[in-house]
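Enquirer: Quick one: the structure is below, and I'll ask about it shortly.
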Ligand SMILES: *Cc1c(COP(=O)(O)O)cnc(C)c1O
């Protein structure tokens, strides 16, 4: 048997750090041909599994070729910031931004001379009020955590274009099944692939793709140069996850809508935040902008008894929503924003944001929905 002449249906895991060259001429071709002439040299720079992952995400997003896969979602943000900003530049974000992004930008990037400021999402669109001569990048999320505020993506993209500022969209909550930010005019789309792209809570990864080939190449170069590129096994797992992304997002969305409707009618629940509910402030916008009539798998709700004790009772009683402070797996989970994502946020600021002691966030999985509703019903009995 000749193992060099095998044709697997599925891309195998290329668990190798380096690739062989037959001659100096091949090496020369590798270094001098655009896109390395399709050759692989060293896995920090390119590996068939990471290349496949980036190409697949680029295809789903309608992006140019290029881009980067990183060892975590935040590695992708770092690559995107370094690809577009230098010391002395300014990044603008909504206040509702994911906590890990805030930490990277405000604690680490500031030390390198890249400053960030935050404004309420509802006011962000009036860019003239916030931008400075050195503003290079705007970062925003399609749906915010944990209250699922909805971004008006096309409006923000045209404001950024009018001022010549790059727009990076974090689409981790929505995936290309619910939103395609490049079609709005965004410059880059970023995913924590740890979440829905991987989808099984068993991999940490990030992917960033770009609207233009030059920015895609720049992202790839930065990822390679700072050494945050993804390992082959993790890329392979994420590619496997992508194969069921459409099926999963449909089921996450159907289940979450049913759960949101159930909770909205439950006497122990004061308020439900889910963009698929007509009562949600962003419902109309979500209906216009999210694809397929899907609203995703994330929702939050506040208990009538708005206390940490009541929240803890729910957490201890539920059987199908294990308390795990992440999201987007096929199996449901519950998180507690006050104690996790918004832990470091001052009390009065949390109150203003609506992050109260009785607020819980659900990541609704793809289980049989009747079983989820039954479990929620028993967990909410006082
Ligand atoms: C989890 C998450 C990230 C960060 O991704 P990691 O894979 O944890 O590094 C960024 N943005 C959002 C919206 C997330 O939920």
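Enquirer: 7 Å from Cα along Cα→Cβ at both residue 212 and residue 33: what's the point-to-point distance in nm?
Expert: 2.7 nm
Enquirer: May I pose another question? Looking at the square roots a ≥ b ≥ c of the eigenvalues of the Cα gyration tensor of the range 84-149, which shape do they give, rounded for a/c under 1.5, prolate if a/b is larger than b/c, or oblate?
Expert: Oblate is the answer for the range 84-149, as a/c is 1.5 or above yet b/c matches or exceeds a/b.
Enquirer: With no solvent and one point per C-alpha, what does the Debye sum give as log10 I(q)/I(0) for the range 230-286 at q = 0.23, 0.26 Å⁻¹?
Expert: Results for the range 230-286 at q = 0.23, 0.26 Å⁻¹ read -0.87, -0.99.
Enquirer: Please report Rg over Rh for the range 162-229, where both radii come from the alpha carbon positions and Rh follows the Kirkwood definition.
Expert: 1.00
Enquirer: Using only Cα atoms and rounding to the nearest 10 degrees, what angle (0 to 90) does helix 308-317 make with the longest principal axis of the chain?
Expert: Approximately 70 degrees, to the nearest ten.
Enquirer: Could you work out which residue, out of 133, 232, 267, moves most in a Gaussian network model of the chain, that is, has the largest mean-square fluctuation with Cα springs under 10 Å?
Expert: 133
Enquirer: So, one more: Determine, for each peptide in 329-335, 46-52, 75-81, 104-110, the mean count of other beta carbons within 10 angstrom over its residues, then list the peptides with the highest first.
Expert: So the peptides 329-335, 46-52, 75-81, 104-110, ranked by packing, come out 75-81, 46-52, 329-335, 104-110.
Enquirer: Can you classify the range 112-228 as rounded, prolate or oblate using the Cα gyration tensor, where a ≥ b ≥ c are the square roots of its eigenvalues, rounded means a/c under 1.5, and otherwise it's prolate if a/b beats b/c and oblate if not?
Expert: Here the range 112-228 falls in the oblate category.
Enquirer: For the chain, set up a Gaussian network in which alpha carbons nearer than 10 Å are linked by springs, and say which option among 274, 30, 196 fluctuates the most.
Expert: Maximum among the listed residues: 30.
Enquirer: Rg to Rh ratio, the range 24-242, alpha-carbon atoms and Kirkwood radius?
Expert: Here the Rg-to-Rh quotient is 0.97.
Enquirer: How many nm is it between the label spots at residue 17 and residue 270, if each spot is 7 Å from the Cα in line with the beta carbon?
Expert: 5.5 nm
Enquirer: While we're looking at this one, here's another question. Helix 48-61 against the longest principal axis of the chain: what's the angle in degrees, Cα atoms only, rounded to the nearest 10?
Expert: It works out to around 60 degrees.
Enquirer: In Å, what Rg and Dmax follow from the Cα atoms of the range 166-325?
Expert: 18.3, 55
Enquirer: Enter the angle in degrees (range 0 to 90, nearest 10) between the Cα long axis of helix 213-226 and the first principal axis of the Cα atoms of the chain, meaning the one along which they spread out most.
Expert: Value to nearest ten degrees: 90.
Enquirer: Kindly give the semi-axes, whole Å and largest first, of the ellipsoid equivalent to the chain, taking each as the square root of 5 times a Cα gyration tensor eigenvalue.
Expert: Over the Cα atoms of the chain, the ellipsoid semi-axes are 37, 26, 17 Å.
Any read-out appearing in this document is the output of simple, stated calculations on the displayed coordinates, not a laboratory observation. All figures in this text were calculated on a predicted structure; none of them were measured in a lab. Here Cβ is always computed from backbone atoms with ideal geometry, including for glycine, and neighbour counts include all displayed protein chains.
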